[in-house]
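First comes the structure, then the notes that go with it.
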Amino acid sequence: MVTDSARAIGLKTALTVAAFVVAGGASAQSANGVARAPDGHPDLSGTWDNGAGIDFVQPRKDGESICIFGCASGAPAPAGGAAAPGAPPPPAGPKYRPELAARVADLDARQVQEDPVLRCFAPGVPRIGPPDKIVQRAGEAVFLYEDVSGSFFRLVPTDGRPHPTNNEPSFLGDAVGHWEGDTLVVETKNFNDQTWLTDNGAFHTDALRVVERLRRTADTLEWTATAYDPGVLTEPYTPAKRMAKLTDLEIVESPPCIDRSLANMVDGSHHTNPR
Amino acid sequence: MARTVLPLLCALGALCLIDGNAVAHHSVAGQFDQSQRTQITGVISKVDWINPHVYIQMDVPDEKGAITTWRLESLPTAMLRKAGLTSEMLKGGGQKVTAAVILARNGTPNLGWLLNLTYEDGHEYVLAGE
């Protein structure tokens, strides 16, 4: 007689073995529940729900009616600049050399006019946050983003090749990845200087270098990042750690980002935007 | 659907609290004046499903039948999608709809921030409280 626990142990053993037996393209699962690619590295492939920054949106349905904000029994929307209920405090922003403080303050004061994201430019790295979808194969990972500014991709070679030397500087830079144990470490450089690190006038130069670390635990993806720009920052900037959950809800093509608001702005009312 | 009287700027402020890679946009309070409100009734003739804000085009007849087309700004697509709303649902199959809106601070005519839509058959979409 085979008990359920015996079946479970047998299945677990089989999966563990399969993780280290390269056979076909399907990923296997190791003993700790982390799916693994045929090459033995953790398989980060999948669609990852990181909340998309709108966790505080809790729509309610009543028959055919739908309420998004201002619902009778729903949690009120957070006030402008305040944190959503339960949200961690925003991390400290980038720290600039003293002689640059006035420039940052000026950009911050004119955020509505100057923030590149508000004009539908790609948000840059690390501001774009963790990928919404990862397609991983031997020697390469592809990061896909469904962003308010548009649909974006980043190619992350993991086969040991160096950074390319002939690409134009870009909003999302040139990425190269490598594995440190079960963590995918992505180094990106060759950025242009047209994005911000945060929404508060946090400019950077084209010498920006960003290191992201992605680690999967079961169905959770942990993303951290550190931005280095020693010409303007007094210390590396590390945004808040982000966690994402594996989801069956597929990403879609981002609708076009077409600003129609800036022309009608009466004042520069700032909005807090931790990303 | 029951609603609370949510301070408008609270709802508008929510649009400004963004920390992900899906949403980031302007302070709505910088463009619209919560003290200037109106209600209009007509037919939604077009929905521009765009970011950072969806725009709804509403044809509003006056008492003589002359049509004025309003442009109504609303939430980002990600929020509407999360609520299960589509552009076709917003159109309401061409039925008559009443929109509560707040008006542009710079006086731009026939431009508003959409608070809610109430359709002739009774169902409604509350997008930004009152």
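Structural remarks
- When residues of the range A:23-65 are limited to those that are at pLDDT 95 or above and outside any loop (DSSP other than H, G, I, E, B), the one nearest to the other protein chains (Cβ to nearest Cβ): A:S65
- Of all the criteria given as (1) loosely packed, with under 15 Cβ neighbours inside 10 Å; (2) of a type outside the set (F, W, Y); (3) over 17 Å from A:L44 (Cα atoms), the one not satisfied by A:D219 is (3).
- Test for B:L75: is it under 13 Å from the mean Cα position of the chain (by Cα), surrounded by 15 or more Cβ atoms within 10 Å (Cβ to Cβ) and assigned to a strand (DSSP E or B): no
- Residues satisfying the stated conditions in the range A:244-269, i.e. away from chain B (no Cβ under 12 Å) and within 22 Å of A:H41 (Cα to Cα): A:K245, A:L246, A:T247
- Residue within the range A:211-231 that is assigned to a strand (DSSP E or B) and either touching a Cys at 6+ places or on another chain (Cβ under 8 Å) or farther than 28 Å from A:D159 by Cβ (or both) present: no
- For the residues A:L155, A:L172, the requirement of being away from chain B (no Cβ under 11 Å), closer than 28 Å to A:D39 by Cα and assigned to a loop (DSSP other than H, G, I, E, B) singles out A:L172.
- In the range A:170-186, the condition of being under 18 Å from A:D49 (Cα atoms), buried (at least 17 other Cβ atoms within 10 Å of the Cβ) and at pLDDT 95 or above is met by no residue.
- Residues located in the range B:86-96, provided they are more than 13 Å from chain A (Cβ to nearest Cβ) and either aliphatic (A, V, I, L, M) or in a loop (DSSP other than H, G, I, E, B) (or both): B:K96
- Test: residue in the range A:93-100 that is at pLDDT 80 or above, closer than 28 Å to A:K241 by Cβ and in a helix (DSSP H, G or I): yes
- A residue that is part of a loop (DSSP other than H, G, I, E, B) and under 21 Å from A:V156 (Cβ atoms) occurs nowhere in the range A:262-269.
- Number of residues in the range B:91-105 that are surrounded by fewer than 21 Cβ atoms within 10 Å (Cβ to Cβ), free of Cβ contacts under 8 Å to residues at least 60 places away in the same chain and of a type outside the set (D, E, K, R): the value is 5.
Residue-wise test of (1) modelled with pLDDT of 95 or more; (2) of a type in the set (S, T, N, Q).
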position: A:F191; (1), (2): yes, no
position: A:T195; (1), (2): yes, yes
position: A:A202; (1), (2): yes, no
position: A:L249; (1), (2): no, no
position: A:V252; (1), (2): no, no
position: A:R260; (1), (2): no, no
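- Residue-level check: of (1) assigned by TED's automatic domain parsing to the domain that holds A:G201; (2) modelled with pLDDT of 85 or more, A:P90 misses just (2).
Here is a yes/no grid of residues against (1) acidic (D, E); (2) over 18 Å from B:V28 (Cβ atoms); (3) more than 14 Å from chain A (Cβ to nearest Cβ):
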| position | (1), (2), (3) |
| --- | --- |
| B:D48 | yes, no, no |
| B:V60 | no, yes, yes |
| B:E63 | yes, yes, yes |
| B:I67 | no, yes, yes |
| B:G84 | no, yes, no |
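Table: residues versus (1) hydroxyl-bearing (S, T, Y); (2) over 24 Å from A:A101 (Cβ atoms).
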position	(1), (2)
A:G129	no, yes
A:L144	no, yes
A:T158	yes, yes
A:N190	no, yes
A:T217	yes, yes
A:E235	no, no
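The values are calculated or read from the model by the stated rules, or taken from the named source; none is laboratory data. The structure displayed is predicted, hence computed values, not measured ones. Cβ sites come from the backbone with ideal geometry, for glycine too, and all protein chains shown count toward neighbours.
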